[in-house]
Structures are given as structure tokens and as C-alpha cells.
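Bear in mind these aren't lab numbers, they're just calculated from the coordinates by the rules spelled out. This one's a predicted model, so the numbers in the text were calculated from it and none came from an experiment. Using ideal geometry, Cβ is built from the backbone for each residue, glycine included, and neighbour counts are taken over all protein chains shown.
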Amino acid sequence: MIRVENLHRHFGGFHAVDGASIEIETGSITGLIGPNGAGKSTLFNVIAGVLPPTSGRVTMDGEDITGLPPHDLFHKGLLRTFQIAHEFSSMTVRENLMMVPSGQSGEALWHAWFARRRIAAEERALAAKADEVLEFLTIDHLADEKAGNLSGGQKKLLELGRTMMVDAKVVFLDEVGAGVNRTLLNTIGDAIVRLNRERGYTFCVIEHDMDFIGRLCDPVIVMAEGKVLARGKADEIMQNEAVIEAYLGT
Ligand code: ADP
Ligand code: MG
């Protein structure tokens with residue numbers, strides 16, 4: 001689904017991503033691991049159009065998407081989750097989800113009179129969809145809670161929920177488990193697996209928790225110093241000498 005070819009992203013003279021090539025197969029939950037500073041987030045940001053690459057190519061289903069802005073990628077079903085922005089923390093969980101789909105009539109201010117009824121109908125549909133998403137993620141009891149009051153793990157679930165408000169195909173998750181307790185991490189893992197199996201989402205997941213990676217991801221790609229070190233099943237990866245050395249070397 002996603003093919004990254006010989007990607008470079010330099011910051012001044014520093015090669016954060018240094019000729020990385022990866023493939024994310026349709027229907028997979030691909031893990032991306034590696035020591036801090038390996039270039040994982042930078043790679044995600046280039047794929048998701050947040051940062052332009054210095055050189056290299058990214059394709060989605062054979063189409064060149066290199067350097068497309070996040071908005072265009074969003075419409076193609078390629079999503080990278082982001083932390084709930086500060087501005088949205090005083091909105092409720094349901095409202096945060098309702099914000100996601102773009103191109104709603106509410107954005108076009110023309111034809112206000114005729115549009116009004118349609119907007120109301122769309123809002124009801126959006127609210128219903130948001131409630132369905134929250135139920136799927138087992139946080140429907142938090143629908144009317146302010147997003148700013150959620151725990152770290154609940155916020156991660158809400159971020160995942162945002163991808164469900166649109167027709168996502170491939171979702172990039174950066175450190176899904178950071179600062180999340182074990183119970184919620186399992187809930188997040190279950191949600192990812194269900195989205196993968198029941199809705200056909202392809203995932204690429206950066207995470208440091210190897211239990212989580214081992215349980216969810218196949219294959220696992222290992223990066224170090226801007227390059228891809230290894231790719232394979234989680235248990236094979238953990239036996240790989242170069243991988244062990246890369247982790248011990250930091
Ligand atoms: P990872 O996510 O694997 O921990 P990052 O992609 O965040 O690694 O960072 C890779 C390297 O690139 C790090 O050494 C980091 O300091 C550097 N880096 C990341 N973003 C920038 C930036 N905007 N400007 C300069 N250096 C950066
Ligand atoms: Mg990172």
C-alpha cells in the first residue's frame with residue numbers, strides 16, 4: 001500500500017532519515033521500532049506530508065504522493081494521528097470527533113438559508129457517528145466530558161477515534177502507548193486489531209513497548225541512525241545481532 005524508496009530527510013548537515021526504504025503492505029499492522037533519535041518520527045512526518053523530504057519517493061497504491069500536504073493525504077485515506085491540540089481541550093469528546101470530517105456544509109457560508117436544515121441534519125448524523133465511534137472504543141461514557149479532562153490513554157483512544165470519523169485506509173500512530181497504563185494500552189491494542197480486522201485498516205505503529213509490538217505487529221521494521229536495520233517477525237527481530245547492538249549502543 002505504502003512504499004518508501006530511498007528517503008532522505010536532512011536537518012542542516014544532520015541526516016535524520018538517511019536513505020530509508022520501507023514497504024507497508026495492505027492489511028498489515030506494521031511495527032516501527034528503534035532507539036531514540038533513529039528517525040522514526042521524522043520518517044512518519046515525511047510520509048504524512050508534515051515535512052518535505054530532502055530526496056526520495058513515497059507512493060500509495062502505486063501513486064506518487066511524495067510531498068503532498070496532509071490535507072490531500074487525508075482525502076486519500078492516509079492519516080497520522082496528532083495529539084489533541086490545546087484549543088480543543090475545552091470541547092467535549094463528542095465535539096472533538098465531530099470536528100474531524102472536512103468539507104461539511106458549515107464551512108461554506110453561502111446559501112445559508114437553504115443550508116441550515118442540511119447542516120442540522122449533518123450535525124445529527126455526525127453526532128450519531130461520533131457516538132458509534134466512542135462505543136467501539138469503549139469510551140462512550142466520556143462523550144460529554146471535556147477532552148482536556150481525559151487521561152493520557154483516553155486521549156490516545158480519542159486520537160484513534162478521529163481516524164474513524166473518515167474513511168481511513170492507512171493510519172500512522174506515533175508512540176501510541178507513551179505514558180499509558182497497561183489496561184488502557186490493552187484497550188488501545190484491541191481497538192487497533194479490531195479496526196484492522198473489521199474495517200480493513202492498515203496500520204504503521206511506532207511503539208517502544210515490545211510486548212505490545214510483539215502482540216500486534218507483523219512485520220516489524222527496525223530503524224537506527226536514519227536507516228532500516230532489519231525487518232521481520234518480532235521474535236526474529238529480537239534475536240538479530242545488529243538490532244541488539246543498536247539498542248545496546250545507546
Ligand atoms: P525518533 O522518533 O526515532 O526518536 P526523530 O525522527 O524524532 O527520532 O529524530 C531523529 C533525529 O533528527 C534526532 O537526532 C533529532 O534530534 C533530529 N531532528 C528531528 N527533528 C528535527 C528538526 N526539526 N530539526 C533538527 N533536528 C531534528
Ligand atoms: Mg519519535
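For residue 83 paired with residue 8, estimate the spin-label separation in nm (one decimal), with each label point 7 Å from Cα along the Cα-to-Cβ line.
3.2 nm
For the chain, report the % of Cα-Cα distances exceeding 35 Å.
Result: 17 percent of Cα pairs exceed 35 Å.
Counting Lys and Arg as +1 and Asp and Glu as -1, each charge on the Cβ, what is the dipole of the chain about the Cα centre in debye, to the nearest 20?
520 debye
On full extension of the chain, what length is gained from residue 182 through residue 244, given 0.36 nm per residue of separation minus the C-alpha to C-alpha distance?
19.8 nm
Give the distance, in whole Å, between the Cα centre of segment 4-26 and the Cα centre of segment 175-245.
Cα centres, segment 4-26 to segment 175-245: 19 Å.
So what are the ³J(HN,Hα) numbers for segment 67-75, from phi and the Karplus equation (6.51, -1.76, 1.60; θ = phi - 60°), rounded to whole Hz, Gly and Pro as x?
Coupling constants for segment 67-75: x, 5, x, x, 4, 5, 5, 3, 6 Hz.
With labels modelled as points extended 7 Å from the Cα through the Cβ direction, what inter-label distance (nm, one decimal) is found for residue 141 paired with residue 193?
Calculated label separation equals 2.3 nm.
With Cβ to Cβ distances under 14 Å as the rule, what net charge do the other residues near residue 64 carry (K, R +1; D, E -1)?
Net charge in that neighbourhood comes out at -1.
According to a simple spin-label model (label point 7 Å from Cα along Cα-to-Cβ), what is the distance in nm between residue 236 and residue 71?
In this crude label model, residue 71 to residue 236 measures out at 4.3 nm.
When a/c is below 1.5 the answer is rounded, else prolate if a/b is larger than b/c, else oblate, so apply that to segment 1-71 with a ≥ b ≥ c taken from the square roots of the Cα gyration tensor eigenvalues.
Taking the square roots of the gyration eigenvalues as a ≥ b ≥ c, segment 1-71 is oblate.
Could you tell me the calculated FRET efficiency between residue 54 and residue 123, based on Cβ-Cβ distance and R0 = 41 angstrom, to the nearest 0.05?
0.40
For the pairs 40/129; 146/169; 76/155; 40/233; 129/156, note any where the Cα-Cα span goes beyond 22 Å.
Cα-Cα > 22 Å for 40/129; 146/169; 76/155; rest within.
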